[in-house]
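The values are calculated or read from the model by the stated rules, or taken from the named source; none is laboratory data. Please read all numbers here as calculations on a predicted model, not as lab measurements. Backbone-built Cβ (ideal geometry, glycine too); neighbour counts: all protein chains shown.
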Amino acid sequence: MAESNITSPAVRYDPTTRKRIAEGQKPAIAAVGLQHYYGSGDLRKQVLFDNYLEIYPGEIIIMTGPSGSGKTTLLTLIGTLRRAQEGELYVLDRPLHEATSADLRELRREIGFIFQAHNLFDSLTATQNVRMALELAEPNGNRSEQTNRSKEMLNVVGLGERTGHKPKQLSGGQKQRVAIARGLVHGPRLVLADEPTAALDEKSGRTVVELLRKRAKEDGATIIIVTHDNRILDVADRIINLVDGSIRSDVLVQEAAIVSQILMHCDVFKHLTPRGLAQMADNLQSEAFEAEQRVIREGDSGDKFYLIRKGRVAVKRGKDEEQVATLGEGDFFGEMALLMGEPRNASIDTLEETVLYSLSKEQFENAIAEQASFETEIRTSLFDRQ
């Protein structure tokens, strides 16, 4: 895959993904300035707008957003069911914006599709419906072995006693589980799922989620799930939110939770609601610094709040730049200049390779204003109860 300048500053990769990037591992999916249109002439309508995205092997992505926001369109572009029109799109090392029809057919063998509308063949049994995926992915495979693998996968999704049933003999949830088995049976490197748990009860939905988690963590498959099912959000490594055809946020879930916990210990944010903390964590930008690099200079105007995610920094004051403190992971600095509207009262230099999360002055002030509004609501509520 050709290298591309993908700028998605809101993404904060976990240590495992950072290691993969450092080792030169390529993303399973990369979109650069991706746009898409429906119709032509006067009826032409743009549905995706200048989207940038990187997804690495082993990641589970949940894609959310209101109806009509472009989720399914983006999913079908990644799945080669629609052709990329503008921008660049790379999937499993193939440039889809340059791919031939033969290239796309070959790539589809490495993708597992799970549709909300099961798309099962009524004349085939559950086993035969599942085996179709193996026959397409492995056209020269052993038929008996493929049948056994299909039955094993149906057993995994809880349909071991329904392998010989046809769709009309199955409930809606059972049909959905057949579709899930079909999407996973050939061990795809990429799984694209559109509302896979919508028709399932909680127990069946959890079984499917754990199966997807296993495929990602043990086999390195990349999983993208479009869903409105809040019950399965815990499985996500990242949650991507689309609004009006644009990726509005791309949140690393576990990292956002860690950062929110750190922010709770900062006096200036201790009264923020959990939602406010999560929004603030989403707005933080990741900045990497080498050792002995200056971050802020004493006397300069304050324009950012900083949180140390990795590494250590030295706090220096005065003309002689005497070191007065050392700050490490979980510490923060820069808030006083923003709160008081005064110049920086110290210089900050990194002592080693350091990763900082920063918040702009405007976003910092918005967070403070939201906290003040929350406190006002509490005071008013307490007063009303007297």
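Residue count for the range 37-48, restricted to those that are in a strand (DSSP E or B) and over 22 Å from residue 223 (Cα atoms): 5.
Residue pairs whose Cβ atoms lie under 6 Å apart, separated by 6 or more positions or on different chains, with the first residue in the range 97-109 and under 13 Å from residue 78 (Cα atoms) and the second of a type in the set (Gly, Ala, Ser) and part of a loop (DSSP other than H, G, I, E, B), are 97/84.
Of all residues in the range 218-233, those that are part of a helix (DSSP H, G or I) and farther than 14 Å from residue 189 by Cβ total 4.
Every residue, every condition in (1) over 26 Å from the mean Cα position of the chain (by Cα); (2) at pLDDT below 95; (3) outside any helix (DSSP H, G or I); (4) closer than 23 Å to residue 205 by Cβ, yes or no:
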site	(1), (2), (3), (4)
66	no, yes, yes, yes
72	no, yes, no, yes
81	no, yes, yes, no
107	no, yes, no, no
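Here residue 294 clears all of (1) surrounded by 14 or more Cβ atoms within 10 Å (Cβ to Cβ); (2) of a type outside the set (S, T, N, Q); (3) out of contact with any helix residue (DSSP H, G or I) (no Cβ under 8 Å at 6 or more places or on another chain) except the condition numbered (1). I'd like to know if the range 348-357 contains one or more residues that are under 23 Å from residue 263 (Cα atoms) and touching a helix residue (DSSP H, G or I) at 6+ places or on another chain (Cβ under 7 Å). Scanning the range 348-357 turns up at least one residue that is under 23 Å from residue 263 (Cα atoms) and touching a helix residue (DSSP H, G or I) at 6+ places or on another chain (Cβ under 7 Å). From the list 210, 218, 161, the lone residue that is more than 22 Å from residue 28 (Cβ to Cβ), among the charged types (D, E, K, R) and without any contact (Cβ under 8 Å) to a residue 60 or more places away in the chain is 161. Among the residues making up the range 157-185, those that are buried (at least 18 other Cβ atoms within 10 Å of the Cβ) and among the polar types (S, T, N, Q) are 163, 174, 176.
Residues in the range 310-330 that are assigned to a strand (DSSP E or B) and without any contact (Cβ under 8 Å) to a residue 40 or more places away in the chain: 314, 315, 316, 317, 322, 323, 324, 325, 326, 327. For the residues 192, 200, the requirement of being of a type in the set (A, V, I, L, M), modelled with pLDDT of 90 or more and crowded, with 22+ Cβ neighbours inside 10 Å singles out 192.
Taken over the range 239-278, the criterion of being among the polar types (S, T, N, Q) and under 18 Å from residue 330 (Cα atoms) is satisfied by 254, 260, 261. Identification of strands (runs of 3 or more DSSP E) wholly contained in the range 239-309 with 2 or more residues that are in the same structural domain as residue 339 (by TED's automatic domain parsing) and closer than 23 Å to residue 342 by Cα yields 294-296. Based on this model, can you work out whether residue 129 counts as surrounded by fewer than 14 Cβ atoms within 10 Å (Cβ to Cβ) and outside any strand (DSSP E or B)? No: the conditions fail for residue 129.
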